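The values are calculated or read from the model by the stated rules, or taken from the named source; none is laboratory data. A quick note: this is a predicted structure, and the numbers were derived from the prediction, not measured. Cβ coordinates were reconstructed from backbone atoms using ideal geometry, including for glycine residues, and neighbour counts include every protein chain displayed.
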């Protein structure tokens, strides 16, 4: 008779637990799935990230609620009930912490594809968000368990000060990297030239240093602290295309009208046919000075990107020399006339 009574007392909490799990599964597979379809139609991605982050915790929250209700139906000692309620509270707080951390990292993952230059700092920002959210969650759990966190905060403050003094250089690079990322004046993929002489593509921008890949394929690693104090020429901003100036000299006996016409024809041909040249740009020439052995002028071309100028310049010089030879236009060798005066005795 006693066994039947005990078994009968377990029926109600068991039914509550089963019902709570079924409700959680229903919300996860029906309600959340429906909300996910609605969120997919909106342009704002925050709702997608929230729904995806909450999806995995719905059943757990329903089960925790079912356990709490089931405990209230049982005539248990007060201490057992309090401990069980505290454990459930800690479980719920921790699960909410996980959800908030997933929301934060999910938003970073989304904006990685939207904001240029964020991809290189994704892991860094994710770790910062995780550490921050989990730290707050742990402090809330300790406070809920009536554990004084004042000594812990004091210890963390003293320890943080000691670590900060010992890692001053590292932290300086870290915050300089964050400043560079926030300013967005340099992003991964930009072609830059540093005032120290190095130039190349920004290949990585992490918590400690910026990696610049030169055209020769070598890596130049610049600490973020040093990078923040350098003068940097960014050839990608405000626009990636760049002008090309080629200086040419012709003989003093040349017909300058013909020189201009032939040169523009060659420049237009190069501008329209060479890969990397801006097709819509119209080349121009400007006579600049009288040299010792030639009249000099500049030919203005335009490239889609900074590194495209090398091929464009190469093709232009090669084709211009070939055309000048056919047209009889002379590019003179440097000459110098020396007048010698003979003094009379």
Within the range 53-79, the residues that are within 20 Å of residue 11 (Cβ to Cβ) and part of a helix (DSSP H, G or I) are 62, 63, 65, 66, 67, 68, 69, 70, 71, 72
Those residues that are part of a loop (DSSP other than H, G, I, E, B), over 20 Å from residue 284 (Cβ atoms) and either at pLDDT below 90 or touching a strand residue (DSSP E or B) at 6+ places or on another chain (Cβ under 6 Å) (or both), I need them from the range 294-330; list them, please.
305
The conditions are (1) in contact with a helix residue (DSSP H, G or I) (Cβ under 8 Å, 6 or more places away or on another chain); (2) modelled with pLDDT of 90 or more, and residue 259 fails exactly one of them. Which is it?
(1)
Step by step: first the residues of the range 296-307, then only those that are without any contact (Cβ under 8 Å) to a residue 60 or more places away in the chain and surrounded by 19 or more Cβ atoms within 10 Å (Cβ to Cβ), then the one that is farthest from residue 259 (Cα to Cα). Which residue is that?
301
Quick one: which strands (runs of 3 or more DSSP E) lie wholly within the range 207-282 and hold at least 3 residues that are more than 28 Å from residue 126 (Cβ to Cβ)?
242-250
